[in-house]
């Protein structure tokens, strides 16, 4: 339990640090937003809208949820049919769709023919390496949102994006999967040859 807590704490620190380096921070409100987000078990639609606006503009102007929603709906990034409640939990599909539209990611043949949906956006971001292949949990945690946005910011600036790992529970992780070396004396190790 303590080991898992230490890993989660170090992953959170790495994710927040990486995002702060990739996304330009223009004021105290951005920094506070990242800190608060890193502590959340579940990100909200308000967090998602604010993060997408930061991804697009490079800063948080402190706008209210209604203003952020109106801007994203007007720009075609968020559908008007989504809930107008700021505390609605952010789903991976909604986040993926907003990122695809904000970064003008067109998707594959099916997405181009039928239009980008949450499902196709999630698949496209998994293919690019911005989100993990398996969706795991339905909702996005604060650290997951920071991790995905860090990768999206790198994609936006044409930096290479390494695929995210997943832990046993299907949650996103920023640390690569590394298998422990085999015990000495087990078949296939150099000590036995």
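Miscellaneous remarks
- In terms of other Cβ atoms within 10 Å, 147, 141, 29 run from fewest to most in the order 29, 141, 147.
- Ranking of 53, 100 by count of other Cβ atoms within 10 Å, fewest first: 53, 100
- The ranking of 64, 158, 40, 92 from fewest to most other beta carbons within 10 Å of each one's beta carbon is 158, 64, 40, 92.
- Computing Rg and the Kirkwood Rh from the Cα coordinates of the stretch 36-122 gives a ratio, Rg/Rh, of 0.96.
Laboratory data are not the source of any read-out in this text; all were calculated from the coordinates shown. This is a predicted model, so every value here is computed, not measured. Here Cβ is always computed from backbone atoms with ideal geometry, including for glycine, and neighbour counts include all displayed protein chains.
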